[in-house]
Structures are given as C-alpha cells and as structure tokens.
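> Shown below is the structure under consideration.
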Amino acid sequence: LGPANVTVEIVIHGTAIFTLSKDKTTLAAEWERLHKSGVGVLACNNSLKMRNIPPESLLPFVKVVDSAVAELVRKQHAG
C-alpha cells in the first residue's frame, strides 16, 4: 500500500476530546508527530459541544467534523 496510496485519519470523540485541547493535553507532541507524518487528526463537534470546548482551543492542525460516528460511516461508505 504505502503512504502514497493510503490516507490515515483518527477521529477523536467522547472524553478523549480533551487530548486535543491546547490547554489540557499532555499529548501535544505525539499528536503533532502523527500530524507531521501525514495522519489526519479529526475532532467530533458533538463531543466539543457536550463539553463546552470551543474549536479554537484545539491544537492548530485538528480538523473538526460534525459527528465522529457520521464521519466513520461516510469514510466506510466511500471505501
């Protein structure tokens, strides 16, 4: 397969969403390393809303998706 043929994305939701917060995470270096290696880091907007976390407080490379479950369904449907 190889990096040229595969896209890897991690969708974070639930209480794990705090690991993407600039102010609350102890995993910033690990998330940045994954991002720099080409892994997409996605955050569930439903989880953000439930925990009153503004998207602006996330690490700068994190992309927000409407729903983690819906995003997984869309990706599976797309193959």
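The values are calculated or read from the model by the stated rules, or taken from the named source; none is laboratory data. None of these values were measured; they are calculated from a predicted model. Quick reminder, even Gly has a Cβ in these numbers, built from the backbone with ideal geometry, and neighbours come from all protein chains shown. The area values use the complete protein model at the heavy-atom level, side chains included, leaving out ligands, DNA and RNA. Shrake-Rupley method; radii C 1.70, N 1.55, O 1.52, S 1.80 Å.
> Only one of these is among the polar types (S, T, N, Q), in contact with a Leu (Cβ under 8 Å, 6 or more places away or on another chain), open to solvent by less than 60 Å² (accessible area, probe 1.4 Å) and part of a helix (DSSP H, G or I): THR25, THR19. Name it.
Just one listed residue meets the conditions, THR19.
> Further question: What are the residues in the stretch 50-68 that are assigned to a loop (DSSP other than H, G, I, E, B) and surrounded by fewer than 12 Cβ atoms within 10 Å (Cβ to Cβ), if any?
Those that are assigned to a loop (DSSP other than H, G, I, E, B) and surrounded by fewer than 12 Cβ atoms within 10 Å (Cβ to Cβ): ASN52, PRO54, PRO60, ASP66.
> Can you name the residue in the stretch 69-79 that is among the hydrophobic types (A, V, I, L, M, F, W, C) and more than 13 Å from the chain's Cα centre (by Cα) and is also surrounded by the fewest Cβ atoms within 10 Å (Cβ to Cβ) among such residues?
Top of the filtered list is ALA78.
> Name every residue in the stretch 28-40 that is surrounded by fewer than 19 Cβ atoms within 10 Å (Cβ to Cβ) and not in a loop (DSSP other than H, G, I, E, B), in order of residue number.
Answer for the stretch 28-40, where residues must be surrounded by fewer than 19 Cβ atoms within 10 Å (Cβ to Cβ) and not in a loop (DSSP other than H, G, I, E, B): ALA28, ALA29, GLU30, GLU32, ARG33, LEU34, HIS35, LYS36, GLY40.
> Name the residues in the stretch 31-79 that are more than 25 Å from PRO3 (Cα to Cα) and charged (D, E, K, R), would you?
LYS49, ARG51, GLU56, ASP66
> Which condition number in (1) modelled with pLDDT of 95 or more; (2) part of a helix (DSSP H, G or I); (3) surrounded by fewer than 14 Cβ atoms within 10 Å (Cβ to Cβ) is the one that SER47 fails?
With (1) modelled with pLDDT of 95 or more; (2) part of a helix (DSSP H, G or I); (3) surrounded by fewer than 14 Cβ atoms within 10 Å (Cβ to Cβ) applied to SER47, the lone miss is (3).
> Within the set of pairs 6+ apart or on separate chains, which have a first residue in the stretch 8-21 that is at pLDDT 95 or above, a second that is open to solvent by 40 Å² or more (accessible area, probe 1.4 Å), and C-beta atoms under 6 Å apart?
PHE18/LYS24; THR19/LEU27
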